[in-house]
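Novice: One structure is given below, represented as structure tokens, and several questions about it will come after.
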């Protein structure tokens, strides 16, 4: 990284979460020009993750159809009882993997909200599609009292901030990773590429707020593994403990964005420096 070519580096995280990495980047050996390294995340409104129930209530008058559907369904479930499943906007699983996920969720007998995108090679991700055509036969009728399937898109921050959401099955993209941390929701990690495997290691090994799905040699996650991990996260002691640690990180994220928190100070410092540079160029 050629840090000597820039005036500063803004990182979408908060210092308490990435202390080791930030300190390494500030080390004179890696950063001989002492370029300023500033963590400025998360960018969520503090109300989003400090008071999720009231935030959801405040948005009821301005929700979309998808938001209203999700809210009504989540409101009908008890605290921390729902697994939220979303694998991002880029990764498209195979039809076989979709079936294994579906049958594992069904076998777990736990409630789930699944943002389902079409399998690879079937449709453009933005196209409307019939979810029943890509799910196991009879699946929707069998899970109608346990699961909600939303095609393509749903309001993720609203779902994660809802008290009923107990865990998040995620591809571990950084936005989803940081949102789960901010909302205090433990994760079931299913990383695919790029930074997702490193983010998975952060959640599972360092923060201990998640568990990674085990895969076969051909990279497929079987239904039995989905069932096992879903039950672990929502009903077992291990899941409760991970949820408790996740709530602690949510508190840390909130404090970072509070007045005089680490990210608040960094943002203020950045704005002041930009104003000085602008005035010099006038």
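Values quoted throughout were computed directly from the atomic coordinates according to the rules given, and no laboratory measurement underlies them. It should be emphasised that the depicted structure is a prediction, and the values quoted were computed from it without experimental measurement. Cβ sites come from the backbone with ideal geometry, for glycine too, and all protein chains shown count toward neighbours.
Novice: Go ahead and set up a Gaussian network model of the chain, Cα springs under 10 Å, then flag whichever of 167, 253, 154 fluctuates most.
Specialist: 154
Novice: Quick one: among 113, 83, 207, which has the greatest mean-square fluctuation in a GNM of the chain with alpha-carbon springs under 10 angstrom?
Specialist: 207
Novice: Go from 0 up to the bin containing the longest alpha carbon distance in the range 113-257, width 10 Å each, and give me the % of pairs per bin.
Specialist: Percent of Cα pairs in each bin: 11, 37, 38, 13, 1.
Novice: Give the span of the chain's Cα atoms along each principal axis, as three whole-Å numbers ordered largest to smallest.
Specialist: Projected onto its principal axes, the Cα set of the chain covers 67, 46, 41 Å.
Novice: For residue 65 and residue 33 in the same chain, what is the full-extension length gain: residue separation times 0.36 nm, less their Cα-Cα distance, in nm? It would help to have the intermediate numbers written out before the result.
Specialist: Details: separation 32, 0.36 × 32 = 11.52 nm, distance 5.13 nm.
Difference between extended and current length: 6.4 nm.
Novice: As I understand it, the value is the acute angle between the Cα axis of helix 95-108 and the longest principal axis of the Cα atoms of the chain; what does it come to in degrees, rounded to 10?
Specialist: Computed tilt is about 80 degrees.
Novice: Using the basic label-point model (7 angstrom from Cα toward the beta carbon), what is the residue 258 to residue 145 distance in nanometres?
Specialist: Once both label points are built, they end up 4.4 nm from each other.
Novice: In degrees between 0 and 90, to the nearest 10, how far off the longest principal axis of the chain does helix 65-75 point, with axes built from Cα atoms?
Specialist: Its long axis makes an angle of about 80 degrees.
Novice: Largest first and to the nearest Å, give the Cα extent of the range 134-208 along each principal axis.
Specialist: 40, 28, 21 Å, listed from the longest principal axis down.
Novice: Right, another one. For the chain, set up a GNM with springs between Cα atoms under 10 Å and report which of 191, 32, 93 has the largest fluctuation.
Specialist: Among 191, 32, 93, the largest GNM mean-square fluctuation belongs to 32.
Novice: Kindly express, to the nearest 10 degrees and within the range 0 to 90, the angle between helix 262-281's C-alpha long axis and the longest C-alpha principal axis of the chain.
Specialist: Rounded to the nearest ten degrees, it is 50.
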